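No value in this document is a laboratory result; all are computed from the given coordinates. These numbers were taken from a predicted model, which means no experiment stands behind them. Neighbour counts run over all protein chains shown; Cβ positions are idealised from the backbone, glycine included.
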Amino acid sequence: MSHSRALQAKPSAAAGGQAKPIDSIAGIAVADPLLTVADLKTYFFTRNGTAKAVDGVSFAIARGETLAIVGESGCGKSMTALSLMRLVADPPGRIVDGEVVLDGVDLLKLPEDEMRAMRGRDISMIFQEPMTSLNPVMTIGRQIGEVLTMHKTMPRDELQKKVVEMLALVRIPEPAQRAKEYPHQLSGGMRQRAMIAMALACSPKVLLADEPTTALDVTIQAQILELIADLQRKLGTAVVLITHDLGVVAEMAQRVIVMYAGRKVEEASAEDLFAGPLHPYTQGLMASIPRLGLMRGESAKTERLQEIPGIVPALYSLPQGCVFAPRCPRADDKCRSEFPPYEEKHSRHWAACWHAGEGKERAHG
């Protein structure tokens, strides 16, 4: 947990102006941040109103670190990643405020051609579903080659050699043959590996992994996660892991951010978060994890799998006060009228809750 023990961060200069002092941003505790996100806001302007998909999110990540962003569907995890890549569809979406400073450069202030050059080279993304991200009428080798030629100039034979090397790096068998095949000819696990090869082709500084093991069986999931961790060690890449799977978080991440309805509600080291979640939403997520004894029926009469009642509210019609209050068993009148401040409740452990830490014993079951 060495990264989670880091000291407060120092200011970082952004392109086109001075970035906000990092130590003034709540919830950031990285000594030498590679990527700093400050007060990011991405809104969607719809007929029903303004949907605040990402609402004032701040975090930082160091070189070689894995930061997990967790929460259920609709909480803003994937939209945060798309905002960092500047891939939000406009209209109806738009990044309305914030800074995304990567190695001293504010990505949100770059002209589109310069941002296009940064994608793949400095910051890259593994998308959630390979079959919707890979081009079905282009071979795998050609698609990886396009990423390389966009950022580097190299002879054709050298390019083909590099493509095969990347497929071998992600442990695809017979890489030279696979490079000539189309996405539909590969298994789900191999397509995901091909996506990883594309994302890592230019050795980016930051890798955004959006649910990288969704729809894969358990054995392939473990192989993909091991592969990402192994490549991270070799390349020194910082990984932002977006997932709803707390088992993956426990295995991969040094630090964790919990999001709900477009906002951060808790942040801590993975060790501290699992040992003592402070926010009732996080406690609910922990309590909903199936336990081996329960699955074997050992305590079926006294314990059942817990759930969080209700659903994430519509982002264009958020309730007054704490947005989790309608689903929270401990919500009172203050929760329903005032949004709680995002505060450091313990050393390097932040939460936005008027009753932070209450009911931890019940959450752990």
Listed by first then second residue, the pairs whose first member lies in the range 224-245 and is closer than 22 Å to Leu285 by Cα and in contact (Cβ under 8 Å) with a residue 24 or more places away in the chain, whose partner is hydroxyl-bearing (Ser, Thr, Tyr) and part of a helix (DSSP H, G or I), with beta carbons under 8 Å and at least 6 positions apart or on separate chains, are Ile242/Ser78; Ile242/Thr80
Right, Ile242: among the β-branched types (Val, Ile, Thr) and crowded, with 22+ Cβ neighbours inside 10 Å or not? yes
By residue number, the members of the range 241-279 that are under 25 Å from Ile224 (Cα atoms) and assigned to a loop (DSSP other than H, G, I, E, B) are His244, Asp245, Ala253, Gln254
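In the list Ser58, Ser73, which residue meets the criterion of being farther than 12 Å from Val240 by Cβ, assigned to a loop (DSSP other than H, G, I, E, B) and of a type outside the set (Val, Ile, Thr)?
Just a single option satisfies the conditions, and that option is Ser73.
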In the range 306-363, anything touching a strand residue (DSSP E or B) at 6+ places or on another chain (Cβ under 6 Å) and outside any loop (DSSP other than H, G, I, E, B) is listed as Glu344, Lys345, His349, Trp350, Ala351
Of the residues in the range 79-117, those that are in a loop (DSSP other than H, G, I, E, B) and within 20 Å of the chain's Cα centre (by Cα) come to Arg86, Leu87, Val88, Ala89, Asp103
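For the structure I just gave you, tell me whether Pro173 is part of a loop (DSSP other than H, G, I, E, B) and within 29 Å of Lys77 (Cβ to Cβ). Please lay out each step first, then the result.
On the way: part of a loop (DSSP other than H, G, I, E, B): yes; within 29 Å of Lys77 (Cβ to Cβ): no.
No; evaluated as a whole, the condition is false for this residue.
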When every residue in the range 56-69 that is touching an Asp or Glu at 6+ places or on another chain (Cβ under 8 Å) and within 23 Å of Pro341 (Cβ to Cβ) is compared, the one surrounded by the fewest Cβ atoms within 10 Å (Cβ to Cβ) is Gly56
When every residue in the range 75-118 that is within 28 Å of Glu129 (Cβ to Cβ) and β-branched (Val, Ile, Thr) is compared, the one surrounded by the fewest Cβ atoms within 10 Å (Cβ to Cβ) is Val96
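Thr214 - would you say it is assigned to a helix (DSSP H, G or I), over 30 Å from Ala331 (Cα atoms) and among the hydroxyl-bearing types (Ser, Thr, Tyr)?
no
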